[in-house]
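Notes to accompany the following structure.
The values are calculated or read from the model by the stated rules, or taken from the named source; none is laboratory data. What you see is a predicted model; the values in this text were computed from it and never measured. Here Cβ is always computed from backbone atoms with ideal geometry, including for glycine, and neighbour counts include all displayed protein chains.
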Amino acid sequence: MVPPAALCVHLCIGQAYAFSVFNLPMTKLIGITESAPGDWKLTQLGWIFSLAIFFLGVSSAVFGRWVEEGGPRRAMATAAICWAGGFLISAFGVYIHALWVIYLGYGVLGGIALGIGYISPVSTLIRWFPDRPGMATGMAIMGFGGGALIASPLSVWLMKEFSTPTHVGVMETFVVLGIVYFIFMMVGAAIVRVPPPGWSPVGYEPPAEEGKLITRNDVYVYDALKTPQFWLIWWILCLNVTAGIGVLGQASAMSQEMFPGRVTPVAAAGFVGLMSLFNMGGRFVWASTSDYIGRKNTYFVFMVLGFILYCTVPYTGRIGSVAGFVLCFLIIISMYGGGFSTVPAYLKDMFGTRYVGAIHGLLLTAWSAAGIFGPVLVNYIREYNISHGVPKAGAYNVTMYIMAGLLVIGFICNLLVKAVDARYHMKNGVRPVQTAAERQ
């Protein structure tokens, strides 16, 4: 019941990927059928999602140790309260037409819920499945990638049901979603369990450390920050996510501009939906695969295969191969999702299980950074090319080669990862590396 408990949380907070369905309706809260003076602009509304992702990274870093020490139930319940509260506050912001209230509700409070909820089941799952840590975290994090598949049609249907000739229906939809998500997340908090100390599956033998990047020792959360391994993995995740998240947000426009007249808006929307499925499936498949080939080798596959695919995309545009373009990006986006689900097991291998949730929370600041780098690279380079006379069909070529270059850097970072030095290992639960100020 532990993976379903994690899914109860991750499928709910995965709604963040579907928030864009509210953007256009929220530009017509006053005008109803079209934007009117006083209505919000898309550029203003775009900050809601950006704030949520920013506070996801910040809260996972700040509250990571609190989540680890308090256990998954307290963290899941807190995430449920914050997530539901974010929706209810945002509904009030829509009611009084105050955008800053929505920034505070969904952006700040909802973002805190995202961070706490995202990391809450990680270490618990790894402890229950020491023989398959990649598969375990993949099951949960798969829910975050797939949450939009439920939230998107549900939100559209609710807005349609609540809309009237004088009302868009966003406020009521926020209220319903807040209540429904609160119930499901509290169910997850109620059924989650922590294994007894020293528990392991029958017949399980921990792998030997010699020759493998898997440790039986634990590293204290803040001592992990002192190791080069943490920062190498930070850059590995950041570069992998930067390469994926930039194209994820522009997939629809990119497919239409690279193949003008051949890819319709409807087909582009279907392509985005297909990418969501591969994003979700990749989180489980790649993380499970890493249990067999190793975490380091899995990221080597991401970097090498990603490099080849990014370099291939411009070629598919030149020869007009829509099928080749789609195939490239479906594999790329599966590795984007796989990067998220494989990294907790990578951290467990390097730093042990005791503080892996807190260390994972600190590492997710790489996601916040990538959320800025990726879209900026895609959007601004595209605008620069178009303003200098490059046709829209070829405006993304330079970006694809830059993404490929980022993965080369990621490959080098992954190559440099080795076992953590023994001086950082805890002995009998005591930190081995402490300054005088830390001991005090």
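Ser334 meets the conditions (1) surrounded by fewer than 16 Cβ atoms within 10 Å (Cβ to Cβ); (2) under 22 Å from the mean Cα position of the chain (by Cα) in every case but one. The failed one is (1). Among residues of the range 270-293 being more than 17 Å from the chain's Cα centre (by Cα) and not small (Gly, Ala, Ser), the one that is nearest to Pro344 (Cα to Cα) is Asp291. Number of residues in the range 3-51 that are hydroxyl-bearing (Ser, Thr, Tyr) and more than 20 Å from the chain's Cα centre (by Cα) equals 4.
Close contacts from the range 12-33, counting a first residue that is at positive phi and a second that is not polar (S, T, N, Q), with Cβ to Cβ under 7 Å and a gap of 6+ residues or different chains, come to Ile32/Val168. Of the residues examined, Gly371 is not one that is under 16 Å from Ile126 (Cβ atoms), assigned by TED's automatic domain parsing to the domain that holds Val304 and either among the basic types (Lys, Arg) or touching a residue at least 40 places away in the same chain (Cβ under 8 Å) (or both).
When restricted to residues that are farther than 18 Å from Gly306 by Cα and outside any helix (DSSP H, G or I), the range 377-411 contains 5. Residues considered: Gly361, Gly374. Of these, the only one that is buried (at least 24 other Cβ atoms within 10 Å of the Cβ), modelled with pLDDT under 90 and part of a helix (DSSP H, G or I) is Gly374.
If Gly198 meets every condition in (1) more than 28 Å from Asn23 (Cα to Cα); (2) assigned to a helix (DSSP H, G or I) apart from one, which number is that one? That leaves (2) as the condition not met.
In the set (1) within 30 Å of Ala18 (Cβ to Cβ); (2) in contact (Cβ under 8 Å) with a residue 60 or more places away in the chain; (3) β-branched (Val, Ile, Thr), Val301 fails one condition alone, (2). For the range 87-99, check the following and say yes or no: at least one residue is within 12 Å of Ile116 (Cβ to Cβ), crowded, with 20+ Cβ neighbours inside 10 Å and either of a type in the set (Asp, Glu) or more than 23 Å from the chain's Cα centre (by Cα) (or both). Scanning the range 87-99 turns up no residue that is within 12 Å of Ile116 (Cβ to Cβ), crowded, with 20+ Cβ neighbours inside 10 Å and either of a type in the set (Asp, Glu) or more than 23 Å from the chain's Cα centre (by Cα) (or both).
Candidates in the range 208-239 are the residues that are within 25 Å of Val304 (Cβ to Cβ) and either of a type in the set (Phe, Trp, Tyr) or more than 24 Å from the chain's Cα centre (by Cα) (or both); of these, the one that is modelled with the lowest pLDDT is Gly211. Scanning the range 258-309 for residues that are polar (S, T, N, Q), more than 17 Å from Ile150 (Cα to Cα) and either buried (at least 23 other Cβ atoms within 10 Å of the Cβ) or at pLDDT 90 or above (or both) gives Ser288, Thr289, Ser290, Asn297, Thr298.
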